[in-house]
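Notes follow once the structure below has been shown.
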Amino acid sequence: MTAPALETRGLTIRFGGHVAVNDVSCRFTPGTLTAIVGPNGAGKTTYFNLVSGQLRASAGQVLVEGEDVTTLPASARTRRGLGRAFQLTNLFPQLTALENVRLAVQSRADAGWSLFKVWNSRRDLIEKAEAVLERVRLSDKRHVAPKALSHGDQRKLEVALLIAMEPKVFMFDEPTAGMSVDEVPTVLELIHGIKQRGDTTVLLVEHKMDVVRSLADRIVVLHNGSLVADGEPAEVIASPVVQEAYLGLEAARA
Amino acid sequence: QDIKIALIAGKTGPLEAYAKQTEAGFMMGLEYLTKGSMALNGRKISVIVKDDQLKADLAKTLLEQAYNDDKVDLAVGTTSSAAALAMLPVAEENGKVLIVEPAVADAITGEKWNRFIFRTARNSTQDAYGAAAAIPASGDVSIATLAQDYAFGRDGVAALKSALSQIRPNAKVVFEEYTPQNATDFTASAQRIFDALKDKPGKKIINIIWAGQHPLPKIADLKPERFGIEIAPGGNILPAMQIYKNYPGMEGAVYYYYAFPKNPMNDWLVAEHQKRYNSPPDFFTAGGFAAASAAVTAIQKAGGTDPEKLITAMEGMTFETPKGPMTFRKEDHQALQVMYHFKVKADGKDANDLLDLVDTIPADKMPIPVRNKR
Amino acid sequence: MSDMTADATTAAELPRTKTDWVPLALVPALALLALPFVGEPSTWVTLTVAGLAMGMMIFLMASGLTLVFGLMDIINFGHGVFISLGAYATLLVLGPLAGWAQADSVGLNLALLLLCILVAMAVTGVVGAVFERVIVRPVYGSHLKQILVTMGGLIVAEQAIHAIWGASPIPIPLPETLRGAFVLGDIVMERYRVVAVAVGLTVFVAMQLMLNRTRIGLLIRAGVENPEMVEALGYRIKRLFVSVFVAGSALAGLGGVMWAFYRQTLTAGMGMEVMVLVFIVIIIGGLGSVGGCFVGSILVALVANYVGFLAPKLALISNILVMALVLIWRPQGLFPVARR
Amino acid sequence: MTATSAPTNIPFDETKVRSGVLQSLLSSDPPRSRVLSLILVAILFLLAATPFLFSGSQPLSTAAKICVFIVLVASYDLLLGYSGIVSFAHTMFFGIGGYGVAIALERLGAAWTSVGIGLLAALALSAALAAAIGLLSLRVRAIFFSMITLAVASAMAVLASQLSEITGGEDGLSFQLPPALRPAFRLLSEPVFGTAVNGRLLAYYLVFFVSLGVFLLLLRVVNSPFGRVLQAIRENEFRAEALGYRVVAYRTAASVISALAATVAGALMALWLRYNGPDTTLSFSIMIDILLMVVIGGMGTMYGAVIGAALFVLAQSYLQVLMEAGSSAVAGVPILPNLIHPDRWLLWLGALFIVSVYAFPGGIVGRLRQRGN
Amino acid sequence: MPEPLLQLEAVQTHIGPYHILHGVSFGVQTGSLTMLLGRNGAGKTTTLRTIMGLWRASAGRIRFDGRDITASATPDIARAGIAYVPESMGIFTDLTVRENIVLAARSGPIDSARLDWMLGLFPALRRFWNLPAGNLSGGQKQMLAIARAIAEPRRLLLVDEPTKGLAPVMVRSMIEAFKALKEAGETVLLVEQNFYAASALGDDVLIMDDGRIVHSGRMSDLVADQSLQQRLLGLSLDAHQ
Ligand SMILES: Nc1ncnc2c1ncn2[C@@H]1O[C@H](COP(=O)(O)OP(=O)(O)OP(=O)(O)O)[C@@H](O)[C@H]1O
Ligand SMILES: Nc1ncnc2c1ncn2[C@@H]1O[C@H](COP(=O)(O)OP(=O)(O)OP(=O)(O)O)[C@@H](O)[C@H]1O
Ligand SMILES: [Mg+2]
Ligand SMILES: [Mg+2]
């Protein structure tokens, strides 16, 4: 068996006495989409932070294609193919939407260290960025800076950045939160398209159960920092812990 | 054609007060010496005043401009030693005379000197000899110095030591204390000095060599008299010496104090200054006056403003100043002059009535070495 | 101001906040550590007491800036000029009441000092209000512009001092009974420093009460992060900012008076000269922390005295050394309040 | 497209590639405002022709100082405007350049090799220092970084004062230039357009052309992919790191480049003045002047450096002269002559600080570009 | 019919050179719970910010409780009894959870019954009482933002997308909370994307598009009329939870 695209072994982080992620071991294989669900504060975002390098783990390991990246900084992990979109929108507020995406494309092309070339002589990067904006239906806003975009458009731009980075592992943190209902399908199609490619691995944190149900091949449930369930979507959703602690349905007890 | 003189001074910046005095003194000097006509040998004197803001690069540029653009015949300046040093090569390149006033650095008439440079101001070594001369000539004297930790302070201490060895071999510098340039708390330094001096025999003196805010009250408040230690604070401008008032009996040497010299020039200066500015003339007023006198005397003697003739006239020239006669020494063009040994008054009549004259130290009692390797 | 009353009630079983004692122990620890090196106990006492008092004076000058820079996040290079201005304001009192300074009466002398402080605080407070309105208000939020604008304000104000009081240094008399020192055996304690300790402690306690018993501190920090939200909660943040700025300026004025009598000579640049020290102290203390500023001031002054006695060559960089060590230990300063 | 969204007809589409020698010299970052272009061309022309247009040494000194400060300010703009790093240690590198050349010329004699050795040593030292400061402290919070640079800069000033044997202490160093740059040197025996072609003139053109070259190089760097990353880091360093850019490495590189350019500026300054001292290149007030020039000119625009430096140096050189004239013109009026007495020039400089920050919130370049549209 | 508590008449808003609101008019009745819906970029947030005085209306009038507040300063609008939960939540990240709530209770200490009720709704806040609010999870921040708005009784609550980022179980508590507030007589204007939550809560509904109100009516009518939903919101049937 080949090494999984991403694996965590006993991943743990403590903040003072609080264990936000507790001994989480999990493997993610290419071509699958795994939904990570759990109540607010369960540790989903923190888990992403540990994987993509925004936080340093107190214990445990992160492996990308079998290689240990636990001690690498975020930028190095990104270059190894880990891509990340943020839950709370996190963009370059004064640069245009196009420049935001172009920077992601430029990073992917590893062109940041060229000092004596003029940036816009790289037509290819600009064209690629424009194509990505087209895919998230933001083309007409490409010269608008994020600070002047509505919340929903900012969310789309956040997704665009992740797509532009063309990572091997995509990590979406509630990509559709605050997106209006008519926009949601666009993003879902995008994510679906990524999964379809087969060589990519997708991790998706999402609170909208209909979205999870329609996209996920597998669901992992975090609760109080620990992995409490992992399996087929239907099976996991039906489990009492999800029904009670997450969906808040009393019926499960009956 | 006018006689043009440039006066360059650090008129804005922290030493604004010094520059103001120099300018006032210089103008009053010209006025007095030309009997109010501001003309010499039938030529009008015009003075171009320039502000170097205490910056060496600016002083240099301004002097270049004065010689090239304004076509001055000679120049006088400036307040800061660093600026004056930067000006020296310009005088040489342009082949014109520069009278240095009031910068004190030894190097101006020492290693950095050239033959176009004359100095009416005293140099640091003269200060040191003055300070040494104010120390008793007999009996054991132990001295601790307190100075700022940079070139000026260290050179001052070295100069004092060599002056002592020349004229006061009975006195020894037993301890040197250096503080950061901007120090404000002197408790630690005082403790160290007290520890060093208290068990020494004979007279015990703390000699303070200082530029800027004087540490005297801080040391005095720690009661050095407990150990029989005296303080020699050194001379300074009047506002700085006003704090001496609370510590009568201290002795030291000063370059100029308005009540000390007795001559018509000084009498006029004191009276006229009091009238115009409602205060007695100070340190740099006298200096500015002396520079004016040097210039006027030289032009008269040379019969014009040709630089070579001026130099010939000025070498060895004696001229009158509010401090009495001064003489440009031939070797290094330093004006040799008297210093005053003072004692702080117990009960002055007003804010500026501060010092009693103990003794006038004549120039020949201070064998200032020649250091310019001519 | 109903805006600023304290909160007393919260549900009983909510978690409590803990106090951080470690930095407080630093001062005595340092003093004890220095004892064997200094050797002579009397010298040690003299140095320590002088250092404590000097720390208080530094604290007085820095306290206003903890509010303005630490809490309000305004880099005010003009703070130094408020110190100078406070110092010069003493002339307004010393002129007409010169007799009180000469009088050999502790009461009269202290009254004079108090009067100087009040006048100076009034003057600097008013100038502070103008400064805030005209100079600082338009540049809230932009550090760079603050540096430039307050630098400009500083230059203008220094020149104004020159224009009003002249460019020469002005000597001022320390009131008669505050001059000199108490001598106990080999220990000397300058009298004026004792006064400084008293004033410093008073200001410290008053500020602590003000910030901990009311919401002012919280409001300022919140207002810096998100002024819109604070207004949406119903607070008039602009008015609060003016008041705090005025308070900061008045405190600088107070510090200026104390510093003036310590230096006994007034120069327009006297405030600016201590600014680097003041910034260092605020950083060591942790932005926005009055307690940190207090401990930091004392620490810096004590170290300066010990180092000045033991290794004068190092005295040049003792402040920077203290800052470096503290920041290595606690990168945010001793008691960080505002995390910026 | 609905009316609520921002308009699409943006004034300047920077993604469009323009060709031509000028465009490539300007790194595809033209002034983008007619008035601005005119001013820049005027400044370039005046600087290039100063020796032939004006007589006397003051205009030439002013022009040389403007050239040096353009480089210095532009290098600081790379740091401040493009990378968002607030450093107070920039004059330190300016000083290193100045001292490098000064010490070499004084110790090793007045020859070109000395200039070369001094400059190389200074560049090496600057690069090492900038890299060390960057790697060690660019990780901490911005405000602490600023304070650390402040401390380092003041330590440097103390060091320069303490090493007075080498640096001349407070007095600084005066030295001789290589013969070709001395006033006495004559390249042509006949004057050209009434101006003697002497060593001073050569020195001026040395300063002018090196400054021009370094400025264009800096313009290229900020418009390179690298420069774009710096701007991204300034906007949101966290996000830049997540996009795969090593923030500390990029920032350190920016610091080093900026330090090198400042070092060159310092060397030029020393060469022009034939003097270097702490007040000339190391002082904090120069640091503040630089800040002001960047902000007045317009941060993050490079051209702002040109305008800011030209304007400020002119003001500094001629404000006193102007006030002199003004104050004698209003001699009869009460108070006024006092206020515009040349000794009060600092008062007006202070006012200029305040007014210019208000009048040009986005700098002069920002204002001009806005108007142009 | 009594005068509505909040009344907007032909309000227009410009942000810089951009014209965002093109004449928005609606009323919110005392004691009602009104939902404001619309696509991304429709102008919902802008409407709320204009009411709070955070953007200035360039034309039209806003009346609250019989008073014209169009030109009032934000603090005065807040003091008139309006609480606002912004889209970005406006948490003071540097302050602890406790301090955030202390500030929200402007008129004095919170009465402990209300505090207990709030902490009962959002137990996470109790747990992280002394934690800097910046360290909370996305959903916890949202809870804190709501808690701040309800820390003391107000006349009108303006809430921008409160359920964004909340787990289903929390969405339920949120709905309970608003119901309880409505019962206590408070008036609420809610912006929502979550149609499930919106339909469970709203009495009245307003739909915006392109800076205008394009529909207003009873919520129950909208819920019943699927084609209307489809037309106004682009809602497909499977978007219900
Ligand atoms: N720096 C920190 N210090 C202390 N506690 C923290 C810190 N960061 C996160 N936490 C806590 O860790 C827990 C997990 O947070 P995390 O953001 O991972 O939750 P989440 O599962 O993403 O929740 P949500 O769905 O609300 O976004 C939360 O309870 C949070 O308060
Ligand atoms: N600061 C701003 N500057 C310029 N335009 C802005 C600004 N803020 C918002 N806009 C524009 O105003 C329009 C309305 O934005 P608004 O935020 O009110 O939408 P919204 O209905 O709240 O959308 P969402 O559901 O995405 O939050 C959008 O086209 C947006 O681009
Ligand atoms: Mg999360
Ligand atoms: Mg919105």
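The numbers here are math on the coordinates, done by the rules we state, and not lab data. Being a predicted model, the structure only gives us computed values, none of them experimental. Cβ coordinates were reconstructed from backbone atoms using ideal geometry, including for glycine residues, and neighbour counts include every protein chain displayed.
Computed over chain C, relative contact order equals 34 percent, with contacts defined as Cα pairs under 8 Å that lie 6+ residues apart.
Quantify how strongly other chains surround peptide D:57-70 by giving the mean number of their Cβ atoms within 10 Å of each of its Cβ atoms.
2
Comparing D:363, D:20, D:97 in a Gaussian network model of chain D (Cα springs below 10 Å), the most mobile by mean-square fluctuation is D:20. The residue list C:147, C:72, C:304 was ranked by how far each Cα lies along the charge dipole of the range C:21-329 toward its positive end, using unit charges on Cβ atoms, and C:72 comes out on top. Taking θ as phi - 60° and the Karplus parameters 6.51, -1.76 and 1.60, the scalar couplings of the range A:207-213 work out to 9, 7, 5, 5, 5, 4, 4 Hz in sequence order, x denoting glycine and proline.
Annotation: amide H of residue D:362 within the under-5 Å range of D:367, sequence separation 5 or more or interchain, hydrogens built in the peptide plane. Explain nothing, just the number: relative contact order of the range D:133-235, from Cα pairs under 8 Å at least 6 residues apart, as a whole percent. Normalised by residue count, the contact order of the range D:133-235 is 11 percent.
Taking chain B as a Gaussian network, Cα atoms linked when under 10 Å apart, which of B:51, B:149, B:353 shows the biggest mean-square fluctuation? Judging by the Gaussian network model, the answer is B:149.
Comparing C:173, C:227, C:36 in a Gaussian network model of chain C where C-alpha atoms under 10 Å apart are linked, the largest mean-square fluctuation is found at C:36.
Taking θ as phi - 60° and the Karplus parameters 6.51, -1.76 and 1.60, the scalar couplings of the range C:277-284 work out to 4, 4, 4, 4, 4, 5, 5, 4 Hz in sequence order, x denoting glycine and proline.
Report, in whole Å, the centroid distance computed from the Cα atoms of the range B:254-287 and the range D:224-296. Using only Cα atoms to place each centre, the spacing works out to 52 Å. Distances between placed amide hydrogens fall under 5 Å for residue C:266 paired with C:170, C:172, all partners being 5 or more residues away or on another chain.
Working note: Karplus 6.51/-1.76/1.60 with θ = phi - 60° gives the range D:46-61 the couplings 4, 5, 5, 10, 3, x, 9, 8, 10, 9, x, 8, 5, x, 5, 4 Hz, where Gly and Pro are set to x.
Checking the cross-link pairs C:145/E:44; B:323/B:345; B:218/B:365; A:147/C:238; B:11/B:365; B:60/B:275 against a 28 Å limit on the alpha carbon distance flags C:145/E:44; B:218/B:365; B:11/B:365; B:60/B:275 as lying beyond it. For chain E, the Cα-based Rg and Dmax, in that order, read 17.5, 49 Å. The share of alpha-carbon pairs in the range A:6-253 lying farther apart than 23 Å comes to 51%.
Computing FRET efficiency as 1/(1 + (r/R0)^6) for residue D:165 and residue B:259, where r is the C-beta to C-beta distance and R0 is 30 Å, gives about 0.10. Mean partner shielding of peptide C:141-153, defined as the number of other chain Cβ atoms within 10 Å of each residue Cβ, is 6. Of the Cα atoms belonging to the protein assembly as shown, the radius of gyration and Dmax stand at 37.2, 123 Å.
With an 8 Å cut-off on Cα pairs and a minimum separation of 6 or more residues, tell me the relative contact order of chain D in percent.
The normalised contact order for chain D reaches 28 percent.
With both labels modelled 7 Å from their Cα along Cα-to-Cβ, the residue A:29 to residue D:46 distance reads 7.4 nm. The lysines within cross-link reach of residue B:203, meaning a Cα-to-Cα straight distance under 20 Å and a gap of 8 or more places when in the same chain, are B:161, B:172, B:223, B:343.
The DSSP beta bridges internal to the range A:6-253 are antiparallel in roughly 55% of cases. Neighbouring Cβ atoms from other chains, within 10 Å of the Cβ of residues in C:187-194, number 3 on average. At the listed q of 0.07 Å⁻¹, the Debye profile of the range C:21-329, built from one uniform point per Cα, gives log10 I(q)/I(0) equal to -0.28.
The alpha carbon centroids of the range C:240-283 and the range C:56-81 are separated by 7 Å.
Each principal axis of the Cα atoms in chain D has its own extent, and those three values, largest first, are 70, 53, 48 angstrom. Between the range D:55-86 and the range B:183-251, the alpha-carbon centres lie 47 Å apart. Distant-in-sequence amide contacts of residue B:48, defined by a placed amide H-H separation under 5 Å and a gap of 5 or more residues or a different chain, comprise B:5, B:6, B:7.
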